[in-house]
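Student: Questions regarding the structure given below will be posed in turn.
The values are calculated or read from the model by the stated rules, or taken from the named source; none is laboratory data. What you see is a predicted model; the values in this text were computed from it and never measured. Cβ placement follows ideal geometry from the backbone for every residue including glycine, while neighbour counts extend to all protein chains displayed.
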Amino acid sequence: MLQRALGSGWGVLIPGIVLAALGFAGLSAETWRGLIVTGLLLSCAMIWHRQWRHFVLLPSAIAVISGMMLVMMNLKLMG
């Protein structure tokens, strides 16, 4: 049951809420880049694991949302 729930919107909603809270913490660009790399590496590792494969949406959502936060930070600095 949990695997199906995390495979749907919850797999994006949970990391989105956590990263939105981290967005208000004022993390540096290097920290956001580290979150992107960590999410990508975890996605690569989890896709090959038989049991963790069902939760691969969590780290990939972390990487995507962290990338969007980094882009928003860069746009804010430029403007």
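Student: For region 54-79, which positions are surrounded by fewer than 16 Cβ atoms within 10 Å (Cβ to Cβ) and outside any helix (DSSP H, G or I)?
Tutor: Gly79
Student: Let me ask something additional. Taking region 27-53 only, how many residues are in a helix (DSSP H, G or I) and more than 12 Å from the chain's Cα centre (by Cα)?
Tutor: Matching residues across region 27-53 total 10.
Student: How many residues, within region 5-26, are at pLDDT 80 or above and either small (Gly, Ala, Ser) or not in a helix (DSSP H, G or I) (or both)?
Tutor: The number of residues fulfilling the criteria is 7.
Student: Also, quick follow-up: Small (Gly, Ala, Ser) and in contact with a helix residue (DSSP H, G or I) (Cβ under 8 Å, 6 or more places away or on another chain) - does that describe any residue in region 27-37?
Tutor: Within region 27-37, the first condition is being small (Gly, Ala, Ser), and the residues that meet it are 28-29, 34.
The next check asks that each one be in contact with a helix residue (DSSP H, G or I) (Cβ under 8 Å, 6 or more places away or on another chain); those that pass are 29.
Scanning region 27-37 turns up at least one residue that is small (Gly, Ala, Ser) and in contact with a helix residue (DSSP H, G or I) (Cβ under 8 Å, 6 or more places away or on another chain).
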